[in-house]
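Engineer: Before I ask anything, here is the structure I am working with.
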Amino acid sequence: MFEHVDAYAGDPIFSLVEQFMQDPREDKVNLTIGFYFDEDGKVPDFNCVNTAKAWAAANPPASPVYLPMDGLPDYRVAVKSLAFGDALPLVDSRLASTQSLGGSGALKVGADLLKRYFPDSEVWVSNPTWENHHSIFKGAGFKVNTYRYYNPETKVLDFEGMLADLNQLPEQAVVLLHPCCHNPTGIDLTTEQWQQVVAIVVKRNLLPFFDMAYQGFGFGLTEDTKAIQLMAETGQPFLLAQSFSKIFSLYSERVGALYVVCESSATAENVQGQLKFTVRTNYSTPPSFGARLVNHVLGSEALTNEWQTELEAMRERMHSMRQQLVEKLGELRPDVDFSYLAAQVGMFSYTGFSPEQIKRLKDEFGVYLIASGRMCVAGLNSRNIDATAKAFAAVC
Ligand code: PMP
């Protein structure tokens, strides 16, 4: 019956993490998967989330019934303020939204909805992008294409190429955009560059789908939403996926949201219904625990302040690690220009190393990066940064 089922090659990142775990070397360095590790190499809990967990344990839901298909109503209100900030009044009356199973779940529900109502559209993602973007949109039945983003020669943004490619797209093409902390390159657009992208989106009547998995890891909670603010000001429809996996350290609870900004409130009402239908036919209703935690933190001024302080400390630690690495590399290899690394932001950096260099880093030095050359900056700490810099310098 199942003889025709192919073997699954496995997810390359999860497989590499497995390999790292098996590696007996004590000085091995894990710069693979996108987890926020602290200075001690641990994936930490937020204090504010622990407070919320204690509250949740003391205040269980009145009855353990299903949540609505589109999630916990208070949560949906709390998280939209975070995603849209000052631009919320510009979109609120024409907004459809649903709680989601992390950012991936938001992308999947959005992709399924789009495929149903834009069956002839194709999807364009940046080259490169988070690998699962390809899989999720292909899985929803879309043809997935790429627009230029990273220039491997210069190791910086190919902005001219990006604009030229976006300028060629047909109407209603779905364009996946990273509003901040681009995964995998760490290369973000400036406000002026976003203005130009948004102008093309409007001129060509494209359908942008923003994927925001790292709000606050770049420059700040508000600063990281500038693309969304600019898009909201145009009055044009767009989609936004939001994830709380990293920014609340709630990876396994699967907490996120999907927003569809429509042209009018009447349209938004229909889209809201179709979001519910999409959820109903996938997994029926979402879990409540993670959403209750996020809602509790965002519903309390004191806990929100604590969360912002904790988030800021993470952002600053990653920034400091990246700068220190670049300084150390500058001392070890003054003949090589590593300034491109210093200009990148967020959890990831694109080293530009070839697959051969990545293999040498792993085999000779026990420094693990993913094959594309992406490094998780949060894996650096004061105990492994010297060894990492030496290994990088050696393979250059
Ligand atoms: N989008 C991007 C760009 C990501 O990097 C990630 C997480 N790796 C996600 C979405 C998915 O987030 P989640 O774990 O919340 O599903």
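The values are calculated or read from the model by the stated rules, or taken from the named source; none is laboratory data. Computed from a prediction, not measured in an experiment: that's the story for all the values here. Methodologically, a virtual Cβ is constructed for each residue, glycine included, from the backbone with ideal geometry; neighbour enumeration extends over all protein chains shown. Each accessible area value is taken on the protein alone, full model and side chains, heavy atoms only, with ligands, DNA and RNA left out. Shrake-Rupley method; radii C 1.70, N 1.55, O 1.52, S 1.80 Å.
Engineer: So which residues in the stretch 273-308 are open to solvent by less than 30 Å² (accessible area, probe 1.4 Å) and part of a helix (DSSP H, G or I), if there are any at all?
Structural biologist: Listed by number, the residues that qualify are 275, 278, 279, 290, 291, 293, 294, 297, 303, 304, 307.
Engineer: Could you list, ordered by first residue, the pairs with Cβ atoms under 6 Å in which the first is in the stretch 209-224 and within 17 Å of residue 87 (Cα to Cα) and of a type in the set (Gly, Ala, Ser) and the second is assigned to a loop (DSSP other than H, G, I, E, B) and within 11 Å of the ligand (Cβ to nearest atom), at least 6 apart or interchain?
Structural biologist: Matching pairs, first to second residue: 216/247.
Engineer: Next up: Of the conditions (1) within 16 Å of the ligand (Cβ to nearest atom); (2) touching an Asp or Glu at 6+ places or on another chain (Cβ under 8 Å), residue 100 clears all except one; give me its number.
Structural biologist: All conditions are met except number (2).
Yes/no matrix, rows are residues, columns are (1) in the same structural domain as residue 181 (by TED's automatic domain parsing); (2) surrounded by 11 or more Cβ atoms within 10 Å (Cβ to Cβ); (3) at pLDDT below 95; (4) polar (S, T, N, Q):
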| position | (1), (2), (3), (4) |
| --- | --- |
| 7 | no, no, yes, no |
| 33 | no, yes, yes, no |
| 38 | no, yes, no, no |
| 52 | no, yes, no, no |
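Engineer: Also: Report every pair of residues separated by at least 6 positions or lying on different chains whose Cβ atoms are under 7 Å apart, first residue within the stretch 1-17 and of a type in the set (A, V, I, L, M, F, W, C), second surrounded by 10 or more Cβ atoms within 10 Å (Cβ to Cβ).
Structural biologist: As it stands, the answer is 13/32; 13/33; 13/370; 16/32; 16/368; 16/370; 17/32; 17/33, since those pairs meet every condition given.
Engineer: Only strands (runs of 3 or more DSSP E) wholly contained in the stretch 85-163 count here; list those with 3 or more residues that are buried (at least 22 other Cβ atoms within 10 Å of the Cβ).
Structural biologist: By residue number, 95-100, 123-127.
Engineer: Starting from residues that are near the ligand (Cβ under 10 Å from one of its atoms) and assigned to a loop (DSSP other than H, G, I, E, B), keep the ones in the stretch 227-247 and report whichever is most open to solvent (accessible area, probe 1.4 Å).
Structural biologist: 246
Engineer: Just one of the numbered conditions (1) within 16 Å of the ligand (Cβ to nearest atom); (2) under 25 Å from residue 35 (Cβ atoms) is not true of residue 220; which one?
Structural biologist: (1)
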